[in-house]
Amino acid sequence: MNWTTIFLTQHVGWIDPEMPDKPIGDYIGGVAHHSPLNNVAVWQIEDKHWQQFAITAVAENLRWVAGWAEQANEQFIVNASFEKNGVYMVLRTAINASKPELPSQATVYPAANRSERHTQDMFGIHFIGHPDNRRWTRHQAWDKHQYPLRKDFPVQGEPAEITPPDMHYDFVKGYGAGVYEIPVGPVHAGIIEPGHFRFQAVGELILNLEERLGYVHKGIEKIAEGRTPESLARLAGRISGDTTVGHCWAACMAMEQAAGVEIPSRAAFIRGILAERERIANHLGDMGAICNDVAFTFAQMQFTRLRELWLRTHASVFGHRLLMDVIIPTGVSRDVSEQSCELLKKDSVMLRKELADIMTAIDLNSSLEDRLYTAGYLSPDIAAAFGTVGYVGRASGQNFDVRRDATYPPYDQVTFKVALEDQGDIASRFWVRHKEINASLKLIEQFIQLLPEGEISTPWTTPTIDSEGLGIVDGFRGEIISYVRFDTDNKIARFYPRDPSIVNWPVLEKLVLNNIVPDFPVCNKSLNGSYSGNDL
Amino acid sequence: MNWLIAILQTTLFVALAPLLAGWLKRCKCYLQNRKAPSVLQPYRDLLKLTNKQPVVSEQASWLFIKAPYIIFSATILAASVVPLIAVDLPTSASADVIVMVGFFAFARFFLALAGLDVGTAFGGMGSSREMTISSLAEPAMLMAVFTITMTASTTNLSWAISHVLEQGLVLRPSFVFALFALILVAVAETGRIPVDNPTTHLELTMIHEAMILEYSGRHLALIEWASQLKLMLYGVLIANIFLPWGIAQSFTPQALGYGLLAIIGKLAVLAIILAIAETLVAKMRLFRVQEYLGFAYLLGLLGMLSHIILEASR
Amino acid sequence: MKAGIVPIHVWLPEAHPVAPSHISALMSGVMLKVALYGLIRFCFDLIDKVQWEWGVVLLIIGTVSALGGILYAMMQPNLKRLLAYSSVENIGIIFMVLGLAMIFLDNGHPDLAALGFLAALFHAFNHALFKNLLFLGAGMIQQQTHELNIDMLGGLIKKMPQTSMVFLVGCMSISSLPLFNGFVSEWLAFQTALQVDVLDNGVLRSLIPVSAAALALTAALAAACFVKVFGLTFLGVPRSRHSEKAHEVKDKGMLAATTLLASLCFLVGIFPSVIISLINRVSSQLLAHTLPNESVLSWLWIAPVSHEQASYSPPLVLSGALIAGCVCYWYLRRDPAKAIRIAPTWDCGFGGLTPRMQYTSSAFTMPIRRIFAKAWIIDEQVNKDMQGAMNQDVAAVHYALHIQDHSWPWLYQPLEREVNNLAKQVGRIQTGNIRTYLGYSFVTLLLLLWVIS
Amino acid sequence: MLSLFKKTLTTGIVTEKCKAPKDDELEALGITIKRRIDKKFSGSIAIRAVDAGSCNGCELEIHALNNPFYDIERFGIHFVASPRHADVLLVTGPVSRHMQTALLRTYEATPNPKWVVAVGDCAVCGGEFGQSYACCGAVSNVIPVDVTISGCPPTPLALMKGLLGLLDR
């Protein structure tokens, strides 16, 4: 008996248990045809209980996972997803489009804050009581009263010739003599994605840090509408270039659920290999970058060298250095031959050996240790409060991994250990990555060993209108959620990907607090949030 | 004639500085398992920069535009004081080692002001950090220098070097301490790892680079050149004071030639040592710098005390 | 005490800012020197034989004052208070060198004592020049902007070009940069200290170099401090409406006076021998000893002991600097196609910088504050208004920094308390009753009579 | 300490040879060049990378240029922190509208003469994201482009060839 049953029995008063069976078409006005999220319960509540649910949920230690909305003619459907013990559920409510208002959950869950502001900017839904109703995703590219994700907003929009800079955003102010601001970005000095950081500081002392993201908002949710499944998979692979496998898998998983397609077991295993290889490649890059930020070039060069070797195997086995477009709806596009398997195995052996050498050299280096230990401390409490996922959460004692706790093929057929640290500093995030690399190497070896024979894809069945799917996978940054709903003719009606960065970014503002300004870059790098995945 | 050689030596100093930077880069690249750019690359970079049209912020005042020239000339003057290939040149009499430190202070003063001139947070950050580090480095440096000058009972570098040459190879504990102190200070003052990272791309961690983020074209070239010159200056200072052998004591072409070869050899070896040391450590936290420079100061003090207790004639 | 030596210096930064600028200029330039004059008269003239122990005391007091003065000065955002504290520093330096002179004198090296004496008096003279200049400059700033808080100034170099020029000269002099007068006296001070080898006493031989290093630290901190002063006051973007609207001083006299002082700072820096010969006369009177004429009095060189030991030639250095600077300037500027292009400040592409994004006084000195934290009593408070879920949302940040001089709670407040207590005790006597007062008078009279008899 | 140097020494120099590309080679890699760098400047190129809305894929491959295998620095091509120091702007992404002024300001801040290299399909033609309410499409819609290197993302080799092709040799 999982927690949802208990929860329902205790709080049945205002949650309609019948609702999961009620077709979403009822709200959207299409042909009523039932297609529930097959792995996740959907609870429909009245809008007035929206905040009340959050209060109950937080008391029950539910983790706030994701929030998104969609338009259904005269109504907005607002969703929020929660998780506990690896069991997910989706909370859903419908609100009137003429007066779109909803009590805010951000008053209860800090993690819901930016998500609700995003929804507010994109749909014009007003969250009552929201602690911070400044705009988030909207800068100056569209007007205050335009809402890009509403149906009446054209994809092309009505952009000005030159979009003015977003200068007058109301940053949190620091008061007192001698306080000054450091604006950093959006064009950073390194080869990094764009985003703006605003420090309130006195000299090297950081009083407060505020993130201002949204610079790489590319309208992914809008341009996803009307796409075919293949096309959506391509787009999902480009939500965040470093997590192309993760996002693509999540989107395909959602679409396959919606269409009721079951992928062949071989395809699932290949996907597993892809995902773990992607994880290793990124962790190698990150570990190198962390070392580079503290000017320890030896490690950076060694890690980038290993990463390059790793990517070259990607190119030779899967045809793409970053593994883009290998995962397709219905399976994978490239098979691995016997030879390739041998190559992959050899690669793993090579990496394990090389990594051991490098880590020995690094482990003995006290100057590096001095930079990484105790810096950028994220307490387990804050990590839990923000629902932090992935290596950031796992370095602060958040023992959660989708692959283990809400398992999916092929992870359900193997055993592995989830890396965990509880120091919460940069060193922890560094070592968690190292542990994860080792765990992934083991996983890859198991996948290759267990790789079943068979097809690598199945035929696609066109899903019926309003069929929905929720893909939940573990990308290298952590849990990725992808929501897909189909329109007629195999077209996408709504696509919402939730990158792990969305829940991880806010903790950066917390973990830099007792650090000095020059330590910010390495703190940021240890978190390595995706700007693109956050801004959509 | 002497003046001619002095001017020649200073010119040589200025001309060779980018070469040392190029060689250092090459050593570092080899230690990073990669091929290196040509040792002449710094010259190409400088040449290119002088050919570009400089961009100046609309907030900048005359100080911003003139500062590179001031910084460059002050560094050249410091270079003219230090014997490179020969001792007894008239330029080293016109100013002693304290004045040389004064020239560095002069250059730094204007660099820090230039950092503040455009009114960006980064410039201020760089200035503040630079002035902090230098105010800690300067006493440590003078402590090391005093040890040497007290042994040679002169602050004139040329005389000091002659003195060391006359004494021959004697192992003096005070010199060993002073040498290490000076090396530590040199690393801090020239903005090398572990104090500053000259190749960093992160504005928030920069010290020297943060002040020159706004410079472009020939202005940037001058500042870059001045910092290469400063690096070489410290190298020559260390090499020629502690290992002066080979330096020309007469102005015959042969002696000068040997002097040149000797200093090139010494600097090449120093650069290799620096590259190895830089590979070995990460940049330290900003507020570890006082411990580092405090250690340098302590070494200088130890050198001084060992001179007084162990070596002084009385 | 009049000289403003740590720890009894606190009146100085309180007194100077309240006085009008020309008065504070005089206070710093002249009044402090009166105390110095008294000291010199007392030590070198009145007392027959100077004891070197007195020199050590002066050296230590001077070192502490110099370091303390500049550290306290660094933390001041108020221009005049800062300058006043910097006077404490300079007086400290003078005391140090005077101490050295005494030590040398008592140890049988009157020529070196003369050198120290020369350095001290020269520095006193220089201090009078540049401190006057800076106070007058501060006065001009105050007149034009009604502001003395450097966190409220900025960008004045464009509004007040002449003032900024003379102020820059003052800052460079006080930071003892070569080519300016401050450097010469500081250089002489170092040279004096470096003659320590002639002494026999081991303690002195190690103490003096350490204080010389402290002098180096002081000089470097002074440079940092005046980079802050000039950088925040004159450079960057105006931080307040007052400095935004400032314009150049109209009064020709004001400008002329400061320009004169500035050019004196420069000329004395280039040709120090003029002043040196003046001071030599004094030292020949007091110590019956001067520096050898050929070594310090040539217009081209100063070589305080001998040419082998150290020499400095400001004119040569200046010509070298001019040649080097001009050559590269003309060489690089020859191509008109590469004329400077004016563009907005690089703001990381954000779209605009505001004056709030500039470094402030307390920001600039924050690293120093953290490193030398023991030097002050620092009360730093960060308060945040939190809101939202689990109180994780920051609505506003409040910062308060209060820096206090150690001598207040250690010396003055106890003193003040005692004085207050005493006053209260005394107050009891004042009953207001005429008969009692008559009684007091009577008793006093009796007592006096008794004392006299 | 020894283990560190041992690792360095056993690894050796791994940088691979790379010749300046011929024109047909450039064409095969999908690189078009409209204007080359003058000889006067070609000995040293400072690059400022500007992400104008890319998915980060291109950045990963640009990063790879600095790894010891490609080591672009040996050609005198290096990345700098400020556009003031740059000669070449390496622009990626379909220029999200929120980044448009930032890109323009970066272009304005770069001293003349300057060149712009559009990297990746998005920067070349809009790519997967195209032109929309949130994206301007190709980089050439915003600032003049001198070289385009297509690919999603272009491989480091293509990037290197493209940058070397920009040099007038």
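Applying a threshold of 7 Å to beta carbon distances and a minimum spacing of six or more residues, or different chains, the list of pairs starting in region A:339-363 at a residue that is open to solvent by 50 Å² or more (accessible area, probe 1.4 Å) and ending at one that is of a type in the set (D, E, K, R) reads A:Lys345/A:Glu445; A:Asp357/D:Lys7. Scanning region B:236-250 for residues that are buried (at least 24 other Cβ atoms within 10 Å of the Cβ) and of a type outside the set (A, V, I, L, M, F, W, C) gives a single hit, B:Asn240. The criterion of at least 1 residues that are in the same structural domain as C:Gln404 (by TED's automatic domain parsing), touching a residue at least 60 places away in the same chain (Cβ under 8 Å) and under 30 Å from C:Asp200 (Cβ atoms) is met by none of the helices (runs of 4 or more DSSP H) falling completely within region C:29-136. If only residues of region D:11-31 that are within 14 Å of chain B (Cβ to nearest Cβ) and aliphatic (A, V, I, L, M) are counted, the one that is most open to solvent (accessible area, probe 1.4 Å) is D:Ile13. For the residues C:Lys80, C:Lys49, the requirement of being within 23 Å of the chain's Cα centre (by Cα), over 18 Å from C:Ala213 (Cβ atoms) and not aliphatic (A, V, I, L, M) singles out C:Lys80. Looking across A:Ile290, A:Ile328, A:Ile270, one residue alone is within 23 Å of A:Ser482 (Cα to Cα), assigned by TED's automatic domain parsing to the domain that holds A:Thr228 and either without any contact (Cβ under 8 Å) to a residue 12 or more places away in the chain or crowded, with 23+ Cβ neighbours inside 10 Å (or both). It is A:Ile270. Search region A:177-192 for residues being facing chain C (nearest Cβ under 10 Å) and free of Cβ contacts under 8 Å to residues at least 12 places away in the same chain, and hand back the single one that is surrounded by the fewest Cβ atoms within 10 Å (Cβ to Cβ). Going through the qualifying residues, I end up with A:Ala177. Only one entry of B:Leu298, B:Leu231, B:Leu260, B:Leu256 meets the criterion of being part of a helix (DSSP H, G or I) and crowded, with 21+ Cβ neighbours inside 10 Å, and that entry is B:Leu231. Candidates C:Leu168, C:Leu115: the one that is out of contact with any Asp or Glu (no Cβ under 8 Å at 6 or more places or on another chain), under 30 Å from C:Ser319 (Cβ atoms) and at pLDDT below 90 is C:Leu115. The one condition from (1) out of contact with any strand residue (DSSP E or B) (no Cβ under 7 Å at 6 or more places or on another chain); (2) modelled with pLDDT of 80 or more; (3) open to solvent by less than 60 Å² (accessible area, probe 1.4 Å) that C:Val397 does not meet is (1).
Number of residues in region A:225-265 that are over 17 Å from the mean Cα position of the chain (by Cα) and among the small types (Gly, Ala, Ser) equals 6. In region D:52-63, which residues are open to solvent by 10 Å² or more (accessible area, probe 1.4 Å) and either free of Cβ contacts under 8 Å to residues at least 24 places away in the same chain or not in a loop (DSSP other than H, G, I, E, B) (or both)? D:Asn56, D:Cys58, D:Leu60, D:His63, listed by residue number.
The strands (runs of 3 or more DSSP E) falling completely within region A:1-114 that include 2 or more residues that are modelled with pLDDT of 85 or more map to A:63-72, A:75-84, A:87-96, A:101-103.
What are the pairs, 6+ residues apart or on separate chains, where a residue within region A:431-446 that is open to solvent by 30 Å² or more (accessible area, probe 1.4 Å) has its Cβ under 9 Å from a residue that is part of a helix (DSSP H, G or I) and of a type in the set (Lys, Arg)? So the pair list comes out as A:Lys435/A:Arg394; A:Asn438/A:Arg352; A:Glu445/A:Lys345. Checking the structure you have, find out if any residue of region A:60-68 is β-branched (Val, Ile, Thr), in contact (Cβ under 8 Å) with a residue 60 or more places away in the chain, surrounded by 18 or more Cβ atoms within 10 Å (Cβ to Cβ) and over 16 Å from A:Pro500 (Cα atoms). No, the conditions are met nowhere in region A:60-68. Looking only at residues of region C:101-156 that are of a type in the set (Phe, Trp, Tyr) and closer than 26 Å to C:Ile60 by Cβ, we find that the one that is surrounded by the fewest Cβ atoms within 10 Å (Cβ to Cβ) is C:Phe125. If you go through region A:454-461 one residue at a time, do you hit one that is in the same structural domain as A:Ile382 (by TED's automatic domain parsing) and open to solvent by less than 10 Å² (accessible area, probe 1.4 Å)? So far as region A:454-461 goes, no, none of its residues is in the same structural domain as A:Ile382 (by TED's automatic domain parsing) and open to solvent by less than 10 Å² (accessible area, probe 1.4 Å).
Quick grid of which residues meet (1) open to solvent by 10 Å² or more (accessible area, probe 1.4 Å); (2) under 23 Å from the mean Cα position of the chain (by Cα); (3) closer than 22 Å to A:Glu74 by Cβ; (4) not assigned by TED's automatic domain parsing to the domain that holds A:Val40:
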| residue | (1), (2), (3), (4) |
| --- | --- |
| A:Ala94 | yes, no, yes, no |
| A:Ala106 | no, yes, no, no |
| A:Lys151 | yes, no, yes, yes |
| A:Gly157 | yes, no, no, yes |
| A:Gly174 | no, no, no, yes |
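Any residue that is in a loop (DSSP other than H, G, I, E, B), open to solvent by 10 Å² or more (accessible area, probe 1.4 Å) and either in contact with an Asp or Glu (Cβ under 9 Å, 6 or more places away or on another chain) or not hydroxyl-bearing (Ser, Thr, Tyr) (or both) - is there at least one of those in region B:135-153? The answer is yes; a qualifying residue exists. Can you confirm whether C:Asp200 is over 26 Å from B:Ala114 (Cα atoms), open to solvent by 10 Å² or more (accessible area, probe 1.4 Å) and outside any loop (DSSP other than H, G, I, E, B)? Answer is no for this residue. Among helices (runs of 4 or more DSSP H) entirely within region B:1-103, having at least 1 residues that are within 21 Å of the chain's Cα centre (by Cα), within 30 Å of B:Thr120 (Cα to Cα) and within 14 Å of chain D (Cβ to nearest Cβ) singles out B:2-31, B:41-50, B:62-81. A Cβ distance below 6 Å, combined with a sequence gap of six or more or placement on separate chains, defines the contacts here; from region C:246-261, residues that are farther than 22 Å from C:Asn181 by Cα reach residues that are part of a loop (DSSP other than H, G, I, E, B) in the pairs C:Glu248/C:Met160.
Would you say B:Asp117 is under 29 Å from B:Glu209 (Cβ atoms), facing chain C (nearest Cβ under 7 Å) and open to solvent by less than 10 Å² (accessible area, probe 1.4 Å)? Yes: the conditions hold for B:Asp117. For region A:173-191, the criterion of a residue being among the basic types (Lys, Arg) and out of contact with any Pro (no Cβ under 7 Å at 6 or more places or on another chain) is satisfied by at least one position. Against the conditions (1) open to solvent by less than 90 Å² (accessible area, probe 1.4 Å); (2) over 30 Å from C:Ser361 (Cβ atoms); (3) not small (Gly, Ala, Ser), C:Gln413 satisfies every one except (2).
The values are calculated or read from the model by the stated rules, or taken from the named source; none is laboratory data. These numbers come from a predicted model, not from an experiment. Here the Cβ is made from the backbone with ideal geometry for all residues, glycine too, and neighbour counts use every protein chain on show. With ligands, DNA and RNA removed, areas are computed over all heavy atoms of the protein, side chains included. Shrake-Rupley method; radii C 1.70, N 1.55, O 1.52, S 1.80 Å.
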